[in-house]
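The values are calculated or read from the model by the stated rules, or taken from the named source; none is laboratory data. What you are looking at is a predicted structure, and each value in this text was computed from that prediction instead of being measured. Neighbour counts run over all protein chains shown; Cβ positions are idealised from the backbone, glycine included. Side chains included, ligands, DNA and RNA excluded: accessible areas come from the protein's heavy atoms. Shrake-Rupley method; radii C 1.70, N 1.55, O 1.52, S 1.80 Å.
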Amino acid sequence: MLQDEIGSIMKFCYDKNPVKVYTDRIPQNMVIPCMYFPAPIVVSSGDTTTTYRNSYQLFVKVFAATSQQAHTIAHSIAEGMRQRRCIIPVIALDGTYTGKYMRLKTDIQTKELDDGVAQLALKWDSRYAYERDVVDYMETLVQNQRLKGE
């Protein structure tokens, strides 16, 4: 589920940079340093005959006292992900580890956005099964036809 994936990314980032985390709008009196996790961009497409794929892009904002500090923190988080081959353990909503893992795409980007703000750009794909109609299976097929020439 998307909530588990975003929560897992948030936990990974928080473990690297334990600061105040915002997920809704950033308040006027925000605490610095902090991180902001907006809703991801979602692009859907077909995948196989039984699954579809959602491609996600998440732009995490890292706030610090200076632009250099913010970029250093964002880069450190990105390097931590790269060192683990972009594989992140998935945690459930209650914070427990599920035993599953998710893989981010390796083209993680960091850049300075503004004074004291850096961005960490993450991408990943998730596959979901199509809902299938429940149908009764045919038990027996009987054909009463004659072949030509009989």
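Exactly one of (1) open to solvent by less than 40 Å² (accessible area, probe 1.4 Å); (2) within 22 Å of Arg127 (Cβ to Cβ); (3) in contact (Cβ under 8 Å) with a residue 24 or more places away in the chain; (4) under 13 Å from the mean Cα position of the chain (by Cα) is unmet by Cys86. Its number?
It is condition (3) that Cys86 fails.
Could you check Ala64 against (1) surrounded by 12 or more Cβ atoms within 10 Å (Cβ to Cβ); (2) over 21 Å from Val19 (Cβ atoms) and say which number it fails?
(2)
What are the pairs, 6+ residues apart or on separate chains, where a residue within segment 19-41 that is farther than 20 Å from Leu58 by Cα has its Cβ under 6 Å from a residue that is of a type outside the set (Ser, Thr, Tyr) and surrounded by 14 or more Cβ atoms within 10 Å (Cβ to Cβ)?
Note: pairs meeting the criteria are Ile32/Phe63.
Mind listing whichever residues of segment 104-150 are under 22 Å from His71 (Cα atoms) and open to solvent by 90 Å² or more (accessible area, probe 1.4 Å)?
Thr106, Gln109, Lys111, Glu112, Asp114, Asp115
Exactly one condition in (1) among the β-branched types (Val, Ile, Thr); (2) modelled with pLDDT under 95; (3) surrounded by 14 or more Cβ atoms within 10 Å (Cβ to Cβ) is false for Thr51; which is it?
That leaves (3) as the condition not met.
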